[in-house]
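First comes the structure, then the notes that go with it.
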Amino acid sequence: LKPFCSAQRATTLWPGSLWPHRVMACFPTSQAIVVGGGLGGMSAANTVVEHGGRTLLLDKSSFCGGNSTKATSGINGAGTKTQKSKSIPDTADIFVADTLKGGAKKPELAKVLCINSAADVDWLVDKFDLDLSLVARLGGHSQPRTHRGKERFPGMTITYALIQMLEKVAEKTNRARIITKAEVFKLLQSGHNVVGCEYRKAGKVVKEYGPMILASGGFGADFGSDSLLATYRPDLLHLPTTNGEHCTGDAIKMGEAIGAATIDLEWVQVHPTGLVKPDDPDAKVKFLAAEALRGVGGLVINADGERFCNELGRRDYVTGEMWKSKPPFRLILNKAASDEIIWHCKHYTGRGVMKFYESGEALCKDMNIPLSTLEATHQSHFESAKKQEKDPEGGPFPAYPSGKTWDEPSGKTGAGKKFFHNIIDGSKVKTEPFYSAIITPVIHYCMGGLEIDEDSAVVAQ
């Protein structure tokens, strides 16, 4: 089996790509077919239209959006207009270095992601009139580069804007079609090249022809006995998930069926902050606590009210430290931290997965721990932050992603905390208002999938 024609795209098609021209050079077609109506698929479809092409978007759910609408922290970009307006000294090279340090093992793909990231974020702001004016430093990043707006979840805001744009094009022209409740189950080939697909809708099978853009997500809700999770990570089957029921790895399975190569399917990310609803603690699908909650200064504590990790460490690291500590775990935000991300806090509280406490004393009473413990936790954190500010490289513990830290609870893990935000000293805890949520590890993101090259073309086995 030869490598697929350059018409075959996987994951997100970013603005400015030469993709439409390469597709037309491969074979003439009247449309590009996008499978999946989340942000990746909608970005692809809008880009095709922007370049003068026609597109058909297929989604097996009753409405578009996918998991993208659940994204709560923002979108990463290095060297964006927003960063420059805030004098944030970030570059694509720094982003690449952070990404490689985080575990990316294909530098050529990491470079595509990071070098295009500023243009991608600016495209969303300029073309779709989106507010991405707030920037935070989240786990694994050495610079503040996670962009979000002032209200609502950024994933919802961004994805809906792209959906609405494509819907307008579909309503007013023949350059876009959107078909929901359409389950794509087979890729059609001419020789070694993929030239279309078959999908089911309302009991009928329909064939469509054109280059395929696969953007249907991972397999984080594929829990069957013969599922991808059961095959590659059976140890995770007992965990809850943040993924919608549509996330069953359809594109991966269709690709494998015709000889596409796969990569890293065993790398399934377990996110540390799934939100536990106290009256339904065993729910299989859970809301996710935005990583931005930790970015603005939220602390992760164990059942005894003590910190045990770097809240801004990589997701796999935080999850690993949770396994070693004592549950139930809580994510807590003081007033300054919660004020910075108040829309999220109020939304979670309304959903019943977060609770507001008038004081730290009330929080401790609910946790059944001494007030003095939570005061000591905050005092230690406060003193570490002050020492870090005064002497950034003089601490006794290794820091993540590099350097040294004074923070003992995280420093002892080998990935110490070096960035502190919205800190309070222990004396304020007793009367300080808090938002608090019980959290648990959840299946979140599938790192692997169909193997692709730098142009997102799927390659053969």
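Please compute, over every Cα-Cα pair in region 272-312, the percentage with a separation greater than 13 angstrom.
60 percent
For Asp264, the solvent-accessible surface computed with a 1.4 Å probe is close to 40 Å², ligands and nucleic acids excluded.
Exposed loop sites are taken as trypsin sites (Lys or Arg not before Pro) in a DSSP loop (any state but H, G, I, E or B) with at most 16 other beta carbon atoms within 10 Å; the longest stretch of the chain without one runs 285-411. Among the lysines of region 94-248, pairs at least eight places apart or on separate chains and with Cα atoms under 26 Å apart come to 18.
Against the chain, whose longest principal axis is taken from its Cα atoms, helix 371-390 shows a tilt of about 70°.
Here region 91-176 has 53 percent of its accessible surface on carbon and sulfur atoms, given a 1.4 Å probe and all protein chains in place.
Could you give the length gained on full extension between Tyr445 and Ala261, defined as 0.36 nm per residue of separation minus the Cα-Cα distance, in nm? Each step should come with its number before you reach the end.
Details: separation 184, 0.36 × 184 = 66.24 nm, distance 1.95 nm.
Taking Tyr445 through Ala261 to full extension adds about 64.3 nm, to one decimal.
Treating only the Cβ atoms of Lys and Arg (+1) and Asp and Glu (-1) as charged, compute the dipole magnitude of region 151-236 about its Cα centre; round to the nearest 20 debye. Walk me through the intermediate numbers first.
Working: 12 positive and 9 negative charges, 92 e Å.
Result for region 151-236 is approximately 440 debye, rounded to the nearest 20.
Leaving out ligands, DNA and RNA, what percent of the accessible area of region 319-415 is carbon and sulfur, probe 1.4 Å? Could the numbers behind the result be given before it?
On the way: 2550 of 4840 Å².
It is 53 percent, rounded to a whole number.
Over the residues of the chain, the helix contribution to mean residue ellipticity at 222 nm works out to -9500 deg cm²/dmol, using -39500 (n - 2.57) for each DSSP H run of at least 4.
Can you compute the FRET efficiency between Ser87 and Asp129 using 1/(1 + (r/R0)^6), with r the Cβ-Cβ distance and R0 = 22 Å? Round to the nearest 0.05.
So, using R0 = 22 Å, E works out to roughly 0.35.
Across region 193-200, rounded Karplus estimates of 3J(HN,Hα) from the backbone phi angles (6.51 cos²θ - 1.76 cosθ + 1.60, θ = phi - 60°) give 9, 7, 10, x, 7, 10, 9, 9 Hz, Gly and Pro being marked x. What FRET efficiency, computed as 1/(1 + (r/R0)^6) with R0 = 60 Å and r the Cβ-Cβ distance, is obtained for Asp366 and Ser30, rounded to the nearest 0.05? The value I calculate is 0.45. Candidates Ser133, Ser87, Gly74 compared by Cα position along the dipole of region 68-140: farthest toward the positive end lies Gly74, with charges placed on Cβ.
Applied to region 350-356, the Karplus parametrisation 6.51 cos²θ - 1.76 cosθ + 1.60 on θ = phi - 60° returns per-residue 3J(HN,Hα) values of x, 7, x, 10, 9, 9, 9 Hz, with x for Gly and Pro.
Proximity of backbone amide H atoms, modeled 1.01 Å from N, is registered between Ile178 and Leu57 at under 5 Å, excluding neighbours fewer than 5 places apart on the same chain.
Surface analysis of region 202-349 yields an accessible area of 39 Å² per residue, using protein heavy atoms and a 1.4 Å probe.
Here the gap between Lys346 and Asn174, fully extended at 0.36 nm per residue and compared with their Cα-Cα distance, gives a gain of 57.7 nm. Under 5 Å from the amide H of Asn76 lie the amide H atoms of His147, each residue being 5 or more positions distant or on a separate chain, with H modelled from the backbone and absent for Pro and chain starts.
Which angle between 0 and 90 degrees, to the nearest 10, do you get for helix 154-172 versus the longest principal axis of the chain when only C-alpha atoms count? Approximately 20 degrees, to the nearest ten. Sequence-ordered 3J(HN,Hα) estimates for region 180-186 from the Karplus curve with 6.51, -1.76 and 1.60 and θ = phi - 60° stand at 9, 6, 10, 8, 6, 10, 8 Hz, glycine and proline given as x. Placing +1 on each Lys and Arg Cβ and -1 on each Asp and Glu Cβ, with no other charges, gives the chain a dipole about its Cα centre of roughly 660 debye.
Here each label is just a point 7 Å from Cα along the line to Cβ, and for Phe356 and Ser402 those points are 4.3 nm apart. Projecting the Cα atoms of Ile252, Gly313, Leu239 onto the charge dipole of region 211-337, computed from C-beta unit charges around the Cα centre, puts Gly313 farthest toward the positive end. The H on the amide N of Leu188, modeled in the peptide plane, is under 5 Å from the matching H of Val195, Gly196, Cys197, Glu198, each at least 5 residues off or on a different chain. Helix 39-50 versus the longest principal axis of the chain: what is the Cα-based angle in degrees, 0 to 90, to the nearest 10? The answer is roughly 50 degrees.
Considering only GluC sites (Glu not before Pro) in DSSP loops that have at most 15 other Cβ atoms within 10 Å, the longest stretch of the chain without any of them is 1-150. Projected label points at Gln461 and Glu183, each 7 Å from Cα along the beta carbon direction, are separated by 2.5 nanometres.
The values are calculated or read from the model by the stated rules, or taken from the named source; none is laboratory data. None of these values were measured; they are calculated from a predicted model. Backbone-built Cβ (ideal geometry, glycine too); neighbour counts: all protein chains shown. Heavy atoms of the whole protein, side chains included, go into the accessibility calculation; ligands, DNA and RNA do not. Shrake-Rupley method; radii C 1.70, N 1.55, O 1.52, S 1.80 Å.
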